[in-house]
Amino acid sequence: MKPPPFAYHAPRTLGEALDALAADPSAKVLAGGQSLIPLLNMRLAAPSALVDINRVAELDTLRVGADGVRAGALARHARVERSDEAAAVQPLLRSALRHVAHPAVRNRGTVVGSLAHADPAAEMPAVLALLGGTVEAASAAGRRTVAAGAFFRGPMEPALEPGEIAVSAFFPAVPPRTGTAFAETARRHGDYALAGVAALVTLDAGLRVAAARAAYLGVAATPLVLDLTGPAGPDGDWAAAAAHVRERIDPEGDVHAGADYRRHLTGVLTGRALRTAAARALPAAG
Ligand code: FAD
């Protein structure tokens, strides 16, 4: 199918992009186009105008510091995935991005676009939610920072107002004695997951579990973050943590997998991801 008609703006600066959005409240930002263009072609979206940010050089950034990774609105999935600097500071990004679609989609799609799309089945929202990251939004009126916990309001419902562009997202670094892991199962590699989990485990000085947390995709309307410190206990009873998760989640079934199968699978992936995260939290031998 072909998209409905729309006006097209190709600004060269952030200011021009924000002006174009401010002038038309039903305009939409076009980033990688990997979700928006299919929606237009299927006529599931009909914005009056597209504001294509691909020429806005100041959004094409990837900044890595000791405190975390800041992806600008034009940082493609592939760029973030391939960045050794980003992987050193926050390895969960690379682990999760390997499960996002296929290389061709990752070459074009953006990490911030994935957050702004707010698909509960997507990997990046769960990663941001687990890490307690933030999204920086800009409009003609100014800038504000939105915490991950407040950013995902519902399926495809980010906390962005008309006229706002998500200019960057910040993924905090891994704290000391902390490991992270990502696990998912899809029918084919690159498909949206039947179930997926991002996990984080922090050990104390005696190498007992001080904190265990997991974020889930595809089981709720927004990324679901569960504190598993209590159920796992200080010795890391991952089977107990997985059992707790199976009781807490309420996945929906569809033609690809029933609800019971998804619940079971989520438990299995939880145990796997927590075990791997805990192993990664151990200090390097030697
Ligand atoms: P676009 O398609 O350009 O935009 C998506 C939405 O976000 C639009 O509403 C747009 O207005 C808004 N938006 C984008 N950027 C901004 C911004 N900076 N500020 C404000 N609003 C903005 N994703 C997964 O997570 N996991 C998968 O397994 C997966 N599989 C896929 C398989 C296929 C075959 C395809 C085509 C896509 C798949 N995707 C998957 C989606 C892909 O990751 C997209 O790249 C991503 O969802 C959106 O990023 P984008 O830059 O392409 O955004």
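The table below lists the values:
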{"quantity": "Helix 259-281 axis, angle to the chain major axis (alpha carbon atoms, nearest 10°)", "calculated": "70 degrees"}
{"quantity": "10 Å binning of all Cα-Cα separations within the chain, expressed as whole percents from 0 upward", "calculated": "7, 28, 34, 21, 8, 2, 0"}
{"quantity": "Mean residue ellipticity (222 nm) of the chain, computed from DSSP H runs ≥ 4 via -39,500 (n - 2.57), nearest 500", "calculated": "-9500 deg cm²/dmol"}
{"quantity": "Order of 28, 2 - criterion: other Cβ atoms within 10 Å of each residue's Cβ, fewest first", "calculated": "2, 28"}
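Every read-out reported here was derived from the displayed coordinates using simple, explicitly stated rules and does not represent laboratory data. Predicted, not measured: the structure shown is a model, and the values here were computed from it. Cβ: placed from backbone, ideal geometry, glycine included. Neighbour counts: every protein chain shown.
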